[in-house]
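Only one structure is covered here, and it is reproduced in the block below.
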C-alpha cells in the first residue's frame, strides 16, 4: 500500500459518493488525513471525517471551514469534486436551473477554493484539483447548461493556476468522459430504454466503455501528488480517448 500522501491533509468536496468517494478512499489508503464535504455523509465514514456542507451556500461554506480550522491549520490538497448535472438544450433551461448548476459547479468551486486558500498557503506542497468534464471542450447534445458550467470550470482552473504561482499553490483539473457514477445511473434510469442508452454512452467513447470512478480519482491523485511539483494549469483527460481520437469503423 502506498504511503505517498502520508502526513498530508486533504479536503474533498462531493466525497459522499461517486468520484469524490473514490478520491477520499484512495487518498486515505495512501496515508492522507481526509476531510470530506458533502450534503450527506454517504459512504465516506471509513475514509474521511465528514463535515456537512452545501457549496452553493456561502454561509455554509464558511461554517464548514470554521469546523476544518478546529482540526487543522494546513490543507495540502483540495479536490473540488462537488457537482450537479443538467439535461436539455438552451431552450429547455429555466433560470432556476442555470442558477443551481452554476451555483454548485462554478460558484461553489470558487467559494470553497477561496475559503481553503489561507490553509493552502501554509502548505509546502499545496495543490488544488478541480473536476471538469469532456463537456467543457466537446459539443455534446442536450447538455447546454452543464457544458457551459464545465467550460467555466476549465477557465477558472487556468486563472486560479496563474494566481496561485506567487504562493506556490498548484491548480489543475481532470476532464472525465462519461463516468460510471450514481449520477449517470440516475440518468440511465430515466431513459426509455436504459440498456440501449448505456450502450450509446459507451459507444461514443473510443474504448467502448464508461470511465470508472477510480480511474478519475487516480488521475486526481496524480495531479495532487507532490511529485508533480512542476505541473500546474494542466487539463488531464480521462475519457477513453473521446477528446482526441476519431476511429474508423
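The values are calculated or read from the model by the stated rules, or taken from the named source; none is laboratory data. If you're wondering where the values come from, they're calculated on a predicted model, not measured in any experiment. We place every Cβ from the backbone using ideal geometry, glycine too, and count neighbours over all the protein chains shown.
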Handout entry: Those residues of region 111-135 which are free of Cβ contacts under 8 Å to residues at least 60 places away in the same chain and within 18 Å of the chain's Cα centre (by Cα), in sequence order
Key = 111, 113, 114, 115, 117, 120, 126, 128, 130, 133, 135
Practice task
Sort out which residues of region 237-249 are out of contact with any strand residue (DSSP E or B) (no Cβ under 8 Å at 6 or more places or on another chain) and surrounded by fewer than 12 Cβ atoms within 10 Å (Cβ to Cβ), and write them in order of number.
Solution key: 245, 246, 247, 248, 249
Practice task
Enumerate the pairs (first residue in region 40-68 and at positive phi; second residue anywhere and in a loop (DSSP other than H, G, I, E, B) and surrounded by 15 or more Cβ atoms within 10 Å (Cβ to Cβ)) with beta-carbon separation below 8 Å, excluding pairs fewer than 6 apart on the same chain, so at least 6 apart or on different chains.
Solution key: 42/15; 42/16; 42/17
Completion exercise
Wholly inside region 1-119, strands (runs of 3 or more DSSP E) that include 2 or more residues that are modelled with pLDDT of 95 or more and buried (at least 21 other Cβ atoms within 10 Å of the Cβ) are 9-13, 33-38, 77-80
Practice task
Check region 70-92 and report whether any residue there is more than 27 Å from residue 177 (Cβ to Cβ), free of Cβ contacts under 8 Å to residues at least 60 places away in the same chain and out of contact with any strand residue (DSSP E or B) (no Cβ under 8 Å at 6 or more places or on another chain).
Solution key: yes
